[in-house]
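To keep things clear, I will list the structure first and then write my remarks on it.
The values are calculated or read from the model by the stated rules, or taken from the named source; none is laboratory data. Because the structure is predicted, anything quoted here is derived from the model rather than measured. Cβ sites come from the backbone with ideal geometry, for glycine too, and all protein chains shown count toward neighbours.
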Amino acid sequence: MTDLTTLEAELSASIAGAADAAAIEAIRVAALGKSGSISGLLKTLGSMSPDERREAGPAINGLRDRVAALLADRKAALEAAELDARLAAETLDLTLPAPPRRKGSVHPTMQVMEEMTTIFAEMGFQVAEGPDIEDDFHNFTALNFPEKHPAREMHDTFFFNPGLDGVRKLLRTHTSPVQVRAMQRTNQPPAAPWIAGAIEPPIRIIVPGRTYRCDSDATHTPMFHQMEGLVIDKGIHMGHLKWTLETFIARFFEVAGVVSRFRPHHFPFTEPSAEMDIGCDRSGGEVKIGTGDDWLEILGCGMVHPNVLRQCGIDPDVYQGFAFGLGIDRLGMLKYGMPDLRDMFESDTRWLSHYGFSAFAAPNPATGLS
Amino acid sequence: MKFTLSWLKDHLDTDATTARVVEAMTMAGLEVEHVIDPATKLAPFTVARIVEAVQHPNADRLRVCQVDTVDGRKEIVCGAPNARAGLTTIYAPIGSYVPGLGVTLVEKPVRGVVSNGMLCSAAEMETAEESDGILELSDDLPVGAPAATALGLESVIDFEVTPNRPDWLGVAGIARDLSAAGLGKLRDLSATPVPGRFASPIMVSVDGEACRQFSGRFIRGVKNGPSPAWLQARLKAIGLRPINTLVDITNLITHDRARPLHVYDAAKLVGTRIIARLGRHGLNGDEHLIALDGKTYELTPDMSVISDADGERPVGIGGVMGGESTGCSDDTTDVFLESAWFDPIRTAQTGRVAGITSDAQYRFARGVDTHFLVGGLELATTLILELCGGEPSEVVVAGESLTAPAPVAFDPAYVKQLAGLEIPPEKSAEILEKLGFRIETSGNPWQVTPPTWRRDVEGKADLVEEIARIAGYDALPATPLPETPRPAGGVLTVRQDRARTARRALAAAGYNEAITWSFTRNAIARMFGGGADALVLANPMSADIDTMRPSVLPNLIEAAGRNARRGFPDVALFEVGPVFGGDQPQDQRLAIAAVLAPHAPRGWDKRPQDDLFTLKADLLALLEELGAPVASLQTAQGAASSWWHPGRSARLQLGPKAVLAEFGELHPAVLKALDVDGPVYGFEIWVEAIPEPKRKGKTRPAADLPALMPLGRDFAFLVDAARPAGDLAKAVAGADKALIASARVFDVYQGAGVPDGHKSIALEVAIQPREKTLTDAEIEALSARIVAAAEKAGGRLRG
């Protein structure tokens, strides 16, 4: 038995001293290999008497198991140390900067246009479109602007030089000509599939788009965005107009306590006509919505003028309805606090990053509009 | 347009405050711009009385005054020569702001004597342009009374008038609406006729379209000169400069009744007849007139001209401005008073062509009451006789007034139908009558006749507006829209949805959305294939933006340049917006364009800059999002437009006539013209060119998920160096459409081992077995087909 004890002590010591996987393997072969020291002892069991074997068997097998376990532990310890050493050598300085990734953005005017579209879509409005280059008929005449009337002058219209046919085209001064295109009964289909044409009542459309007037200061730019709304049906009255716009404003500003009022106004293409004001506070130099006792005009609206309906081939004694026009950029400035309209079209990447919206801020009834 | 509360009260019996009047005006449709309240500006200034004034010990021109003020007795140093004991004047305390001096008073010694405030002149309070010494006020005024009250200064209401309501350009018209709105009782607005004492020695006539109706009267023996204080105060309060009594009277009636008048000095008229006619174009060009403003105007045949001397001499531009030669002065003793009606359109055009905006022109251009010519004459005559004396002639009239408005058939139930308002018919009738409408209510519909000053009212909708706005829009009942059937899949068209998707996809890819003008300058438009005359604006804001853009790219490139000049050259911008191929509606197309000017900061890891292939990846990913058939797209290398680098650009197309997009590096010459440093990469997609997806249900085809592992085989081919790699890859992929899932270029090599003028292209071909694993022989056969296909495309297998 002394032999076994000595052998175990020797093996334990050499295993503990093994420096690498090769040394472990050498010890394993020397002890447990075919002609290893423990393997040799195991072979002696066959020649023993049953009594001797009863005593020596467990001792030798025990020795073998313990040595095998020591070898496995030592091997694992060496591997772990080796991995630690490798990982230590693989260190990356994670305080170094990651490569810059461009952060894109959606323009606030377009975000606001989508917000508005979302609100009106929930109310059953479809989106209609028309061309930016219009003619006098659609922009003025069909909208009941009298020839040479001061109201035309007030529109600061951009004109093109007259063509060979003497017809002078213009840039639309508002999105209202699309009302005419949407309603007008003609024998011809629209000039392009995307252009609105001859919708049968009931009509419920919004028209977002670019509009143009020759004017420039902090609140006017030669190009800006409007959203027209048009509802034509039997029995649509001014109370429906009021509800629609009040509902829209409450949803759009996403703050509690937005108050509004309707004031009489004049537009050639609506009768009665109104402007809508919302309650605001101007005391701090900037306009705050949802508080204060001041008013801010935000849109023009009214019942579609019977002359406009007639001009489009709709009988005003059967159908009636309302129209409104919202300044998209302006409502965006009010909601999100941009101070100067001109900045909207300057394409300064710093401004776009600051006032722009994440690609993932798409208006959604569950998360809000932005 | 401006007025004061006291002026309004001449016509409206009311005890309403200014605030109440403003509120009522606003809710009746009169947009109040602002209220100028002198009491606010003059709040610190109060009445004070000088008790003692003695010579300043150290200054000849200064006096040291003991003054009774609202703050008690004060010692105040004053330099005004009229500062004397007993004088009632105005005191400003220490700390108050003196607008005429632009200073805030501080307590400091004046030549050794501390002045505890200031005694003020009218100029120092800005109640007069200049003044001589401190104010001298009535001794009845109590010490401490506010300066505004002491000076009789009133709030001035400044408001905008919509073009449909010329009657609001007179205070009486406002009083009428406010009366209807319940603010008070309207006083009698009618004019009392003044009988003529003799036949007018001046006759009048109208010639054709120049003037519809012309009336006048001669008044002899008047005494002109400065008008009385009340009249001057009234005109000054609304910003008019008093001239002389006769002219001030016409100005008063212009602003009181929206009824412009003119006075001629009869002694300066030639002949016995005034003729309203059109301007004349003579041998020496158009006629001329030196008007009352001292400027010379050309009188074109489109203008209405008032003439004397048998029509030979112009003495006024009809409805716009009188001539200098016949104007009234303090010496005038005989006058001819004119009250005429000029056509709104002609007057508007005359004002525009001649560049004159006068109070008369503004009113005639919008439309003056057609039936108050003589009424206006009578009002003016009464005032002239009262203030200047004299003797009036009989009234002379030429021409006919426009016919009065015809009655409108009106069912009072239409108020409810159009406005949703429940208003009893008798209330509707009352409102209309108060506004001057005549109503025949015996039958249904009613017959409602608009007054002659309301030419804007043409139909029953106009009448609803009158009733609704006076009843108050606050009463409109907010009513939910009726439910309508909704489209099942959202409200956007495919084109609209693509614009939305592009915006979100490009923003997610790191591009900032910009919105740039729809215009550019003509030279740039021409460089980008546009610039046709039909797309050039006749009245651009500036030459830089005078032509509709044929492409979004130049505006984005210029934006990149502006950002670089601001010190931020690393730019990735996009825009979704219109481009214009012509002036017809169908010539407008929707473009999605982006530019990439990579200038990322240097990195410690030496990572390369984004390049044209970054942009290509973004473009293809976007097209995929938009539902374009990306797998079928041809990349036509070198076929893109002239604004691209010829060797670094391509068209993406389904065929030569179905071009979806162009992309590449911008041509250096174009960048130079736009003053931008390159390289700049870009693309432009034409949304309408992307085929609409074929209508399918929501369900998708079964997924193709083969159970067998794909295997990869690499090939290298030698091709002519000029040949696009894409052609080879496409040929290889087409060698067996069933088995080859993809053929991807993973190496391009030129150099040692490759013959001159050639390049080696290495492809990884992904083979997807379908029913069973492929045998070696089958793979060999497939390889042979691949090599054969490559050979057809000009590729030779590298040995």
I'm told residue B:33 meets every condition in (1) more than 14 Å from every other protein chain (Cβ to nearest Cβ); (2) surrounded by fewer than 21 Cβ atoms within 10 Å (Cβ to Cβ) except one. Can you identify the failing condition by its number?
(1)
Does the range A:277-294 hold any residues that are more than 18 Å from residue A:254 (Cα to Cα) and in a strand (DSSP E or B), and which are they?
A:294
Select from the range A:190-205 the residues that are within 9 Å of another protein chain (Cβ to nearest Cβ) and crowded, with 21+ Cβ neighbours inside 10 Å and list them in ascending order.
A:194, A:204
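Determine whether the range A:329-343 contains at least one residue that is part of a loop (DSSP other than H, G, I, E, B), charged (D, E, K, R) and within 20 Å of residue A:223 (Cβ to Cβ).
Here is the first cut: in the range A:329-343, the ones part of a loop (DSSP other than H, G, I, E, B) are A:337-340.
Now narrow it down to the ones that are charged (D, E, K, R): A:340.
Then drop every residue that is not within 20 Å of residue A:223 (Cβ to Cβ), which leaves A:340.
Within the range A:329-343, one or more residues are part of a loop (DSSP other than H, G, I, E, B), charged (D, E, K, R) and within 20 Å of residue A:223 (Cβ to Cβ).
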Considering each residue of the range A:292-330, count those that are farther than 26 Å from residue A:113 by Cβ, in contact with a strand residue (DSSP E or B) (Cβ under 6 Å, 6 or more places away or on another chain) and not charged (D, E, K, R), and give that number.
3
Take the range B:181-194 and flag every residue that is in contact (Cβ under 8 Å) with a residue 12 or more places away in the chain and under 15 Å from residue B:379 (Cβ atoms).
B:187, B:189, B:190, B:191, B:192, B:193, B:194
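Can you name every residue in the range A:216-235 that is in a loop (DSSP other than H, G, I, E, B) and more than 8 Å from chain B (Cβ to nearest Cβ)? Can you show your working first?
So in the range A:216-235, the residues in a loop (DSSP other than H, G, I, E, B) come out as A:216, A:218-219, A:221-222, A:234-235.
Across the range A:216-235, the qualifying residues are A:218, A:219, A:221, A:234.
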Has the range B:247-268 got at least one residue that is small (Gly, Ala, Ser) and either over 37 Å from the mean Cα position of the chain (by Cα) or under 26 Å from residue B:391 (Cβ atoms) (or both)?
yes
Are there any pairs, at least 6 apart or on different chains, whose C-beta atoms fall under 7 Å, with the first in the range A:5-23 and among the hydroxyl-bearing types (Ser, Thr, Tyr) and the second assigned to a helix (DSSP H, G or I) and surrounded by 12 or more Cβ atoms within 10 Å (Cβ to Cβ), and if so, which?
A:12/A:70; A:14/A:27
Residue B:222: passes all of (1) at pLDDT below 95; (2) more than 28 Å from residue B:302 (Cα to Cα) but (1)
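Return the residues of the range B:565-594 that are more than 9 Å from chain A (Cβ to nearest Cβ), part of a helix (DSSP H, G or I) and either among the polar types (S, T, N, Q) or buried (at least 18 other Cβ atoms within 10 Å of the Cβ) (or both); say none if nothing qualifies. Walk me through it before giving the result.
In the first step, residues of the range B:565-594 are kept if they are more than 9 Å from chain A (Cβ to nearest Cβ); the result is B:565, B:567, B:569, B:579, B:581, B:591-594.
Among the residues that remain, those that are also part of a helix (DSSP H, G or I) are: B:565.
Result: no residue meets the conditions.
Please enumerate the residues belonging to the range A:206-215 that are facing chain B (nearest Cβ under 7 Å) and modelled with pLDDT of 95 or more. It would help to see each step written out before you state the result.
Initial filter on the range A:206-215 (facing chain B (nearest Cβ under 7 Å)): A:210, A:214.
Within the range A:206-215, just A:210 meets the criteria.
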Scan of the range B:523-557 for residues that are more than 12 Å from chain A (Cβ to nearest Cβ), buried (at least 21 other Cβ atoms within 10 Å of the Cβ) and outside any loop (DSSP other than H, G, I, E, B), ordered by number:
B:524, B:525, B:527, B:553, B:554
Reported set for the range A:101-132 where residues are at the interface with another protein chain (Cβ under 7 Å from one of its Cβ atoms) and not in a loop (DSSP other than H, G, I, E, B) is A:105, A:106, A:109, A:110, A:114, A:121, A:126, A:127
What pairs come up if the first residue lies in the range B:608-627 and is over 16 Å from residue B:664 (Cα atoms), the second is among the hydroxyl-bearing types (Ser, Thr, Tyr) and assigned to a helix (DSSP H, G or I), and their beta carbons are under 7 Å apart, counting only those six or more places apart or on different chains?
B:625/B:501; B:626/B:501
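Give the range B:53-63 a look and list any residue that's in contact with a strand residue (DSSP E or B) (Cβ under 6 Å, 6 or more places away or on another chain) and within 10 Å of residue B:111 (Cβ to Cβ), or say none. Walk me through it before giving the result.
Kept after step one, since they are in contact with a strand residue (DSSP E or B) (Cβ under 6 Å, 6 or more places away or on another chain), are these residues of the range B:53-63: B:53-54, B:56, B:62-63.
Passing the criteria: B:56, B:62.
Looking only at strands (runs of 3 or more DSSP E) that fall completely inside the range B:321-415, which ones have 2 or more residues that are in contact with a helix residue (DSSP H, G or I) (Cβ under 7 Å, 6 or more places away or on another chain)?
Result: B:335-341, B:408-410.
Given the structure, is residue B:492 facing chain A (nearest Cβ under 7 Å), assigned to a loop (DSSP other than H, G, I, E, B) and under 21 Å from residue A:309 (Cα atoms)? Break it down into steps so the answer makes sense when it comes.
On the way: facing chain A (nearest Cβ under 7 Å): yes; assigned to a loop (DSSP other than H, G, I, E, B): yes; under 21 Å from residue A:309 (Cα atoms): no.
It is false that residue B:492 is facing chain A (nearest Cβ under 7 Å), assigned to a loop (DSSP other than H, G, I, E, B) and under 21 Å from residue A:309 (Cα atoms).
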